[in-house]
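Input: a single structure, listed below in structure tokens.
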Amino acid sequence: MIPSSCRYSITKVHDSPHIYVIDDFVTEVELSHCEKIITKSKFSKSFVDDTSTDNDTPTTQVDETHRTSTFLSVQKQADAKIASLERKAADLLGLCTNQLEPLQLVRYRHNQFFNVHHDLGLLLDNGEVELPPRQSFCKRRIATIFCYLNDVKCGGCTYFPACGDLRVHPKRGRAVLFCNILQDGKADPLTIHAGEHVKGEGDIKYGLNIWACE
């Protein structure tokens, strides 16, 4: 998944599936720019897939028993720094920038969380992943880069329960990278993960979701 010419210092923290940690993936200039966007923007409540309808068209709902964070979508190529960050992520994956979703900033306040889920589709009770329909408005997320925009004193790890209880700790500028599919194109059930509770009183965790699609 990662080109051999990659210029970053990458640590593989898990085999099968491959999960990588990249420290300093987000530069200080990019971090400061994200902070400016955060300061002047309004976050919305995060949502999850809604399975209560029989429609083929996917819908969403707020479910605070499963996800309590808030989010902010950043327009594609919103400015030169965002465009540069998109190119960097695409280059890392060996893809074109048009395969990236708009970047998504997320915020977790004290005690907020995102329970175990899969980025490619709906995680069912039996551990299988229900894929979204192949429709132009619903692209499948084949790889995830999650970036940490600040240090967190306690909690807020990205937790992979099917990978030996692997936890990636938040660190300013760090990114965690993993693929959501197997070689046959099916969802990899082992890349289920969670955003754990931010435990420190007054702590806030800021992150950046970068999703690569088909």
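The values are calculated or read from the model by the stated rules, or taken from the named source; none is laboratory data. Everything numeric in this text was worked out from a predicted model, so none of it was measured. Don't worry about glycine lacking a Cβ; one is built from the backbone with ideal geometry, like all the others, and counts go over all protein chains shown. Quick note on the areas: whole protein, heavy atoms, side chains included, nothing else; ligands and nucleic acids left out. Shrake-Rupley method; radii C 1.70, N 1.55, O 1.52, S 1.80 Å.
Quick notes
- For region 90-128, the set of residues classified as closer than 21 Å to S44 by Cβ and polar (S, T, N, Q) consists of Q104, N111, Q112, N115, listed by residue number.
Residue-wise test of (1) surrounded by 15 or more Cβ atoms within 10 Å (Cβ to Cβ); (2) modelled with pLDDT under 95.
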residue: R7; (1), (2): no, yes
residue: C34; (1), (2): yes, no
residue: S44; (1), (2): no, yes
residue: D54; (1), (2): no, yes
residue: E64; (1), (2): no, yes
residue: R67; (1), (2): yes, yes
residue: L72; (1), (2): yes, no
residue: A80; (1), (2): no, no
residue: L93; (1), (2): yes, no
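- Matching residues, region 193-206, being closer than 20 Å to Q104 by Cβ and open to solvent by less than 30 Å² (accessible area, probe 1.4 Å): H193, A194, G195, V198, K205
- Across region 179-214, the number of residues qualifying as of a type outside the set (S, T, Y), within 12 Å of the chain's Cα centre (by Cα) and closer than 28 Å to K36 by Cα comes to 8.
- Here L123 qualifies as in contact with a His (Cβ under 6 Å, 6 or more places away or on another chain) and at pLDDT below 95.
- Condition met for G200 (within 20 Å of E128 (Cα to Cα) and modelled with pLDDT under 95): no
- Hey, N209 surrounded by fewer than 22 Cβ atoms within 10 Å (Cβ to Cβ), assigned to a loop (DSSP other than H, G, I, E, B) and polar (S, T, N, Q) or not: no
- For region 133-166, the tally of residues that are in contact with a Cys (Cβ under 6 Å, 6 or more places away or on another chain) and open to solvent by less than 20 Å² (accessible area, probe 1.4 Å) stands at 2.
- Region 105-128 - residue that is farther than 11 Å from P189 by Cα and in a loop (DSSP other than H, G, I, E, B) and, of those, most open to solvent (accessible area, probe 1.4 Å): D125
- Leading residue by the ranking (farthest from G185 (Cα to Cα)) among those in region 95-104 that are surrounded by fewer than 21 Cβ atoms within 10 Å (Cβ to Cβ) and in contact with a strand residue (DSSP E or B) (Cβ under 7 Å, 6 or more places away or on another chain): Q104
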